[in-house]
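To start, the structure under review is shown below, and the notes come after it.
Taken together, the values in this text are just the output of simple stated rules run on the coordinates, not laboratory data. All values derive from a computational prediction rather than experimental measurement. Note: ideal-geometry Cβ built from the backbone for every residue, glycine included; neighbour counts use all protein chains shown.
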Amino acid sequence: MAKKHYKAPVHQTGTSVTTKTHFGSTSDMVVDHNQYKYVEDGRPVVLNEKVGAILCKDDRGFYMTFKNYIDSGLADPNRYSNQFMRINIVKIEENVSSS
């Protein structure tokens, strides 16, 4: 009977990381949630600041995480594995009319 040998997946090509780390969250990734709204219904983004929730942006988009993951040197599971923390938002446009 033949044994099945493990073959590691080949690395992904064509993806580039422009942040300081591949898996962690840093302070330069934090954005102000008051400037964004949800794409689906236009509601403003509201975060529970009592538990330390903040909004970050990386190469794949926006995600919510907690303050204790920022600049900790550890991998942030909300960034790389928790797809429920990823949100689809856009910047709120200010209507500036010239009169």
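Computed quantities for the displayed model
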| item | result |
| --- | --- |
| Inter-residue pairs, beta-carbon under 6 Å, first part of a loop (DSSP other than H, G, I, E, B) and in the stretch 42-57, second of a type in the set (Phe, Trp, Tyr), 6+ apart | 45/36; 52/66 |
| Filter pass, residue 61 being surrounded by 14 or more Cβ atoms within 10 Å (Cβ to Cβ) and in contact with a Lys or Arg (Cβ under 8 Å, 6 or more places away or on another chain) | no |
| Number of the condition not met by residue 58 [criteria: (1) under 15 Å from residue 82 (Cα atoms); (2) over 14 Å from the mean Cα position of the chain (by Cα)] | (2) |
| Top-ranked residue in the stretch 13-38 [being in a helix (DSSP H, G or I) and in contact with an Asp or Glu (Cβ under 8 Å, 6 or more places away or on another chain); ranked as surrounded by the fewest Cβ atoms within 10 Å (Cβ to Cβ)] | 27 |
| Among residues of the stretch 58-99, those that are assigned to a helix (DSSP H, G or I) and among the charged types (D, E, K, R), counted | 2 |
| Index of the failed condition, residue 84 passing every other in (1) in contact (Cβ under 8 Å) with a residue 12 or more places away in the chain; (2) over 8 Å from the mean Cα position of the chain (by Cα) | (1) |
| Residue ID - farthest from the chain's Cα centre (by Cα), chosen from residues in the stretch 16-41 that are without any contact (Cβ under 8 Å) to a residue 24 or more places away in the chain and over 19 Å from residue 77 (Cβ atoms) | 41 |
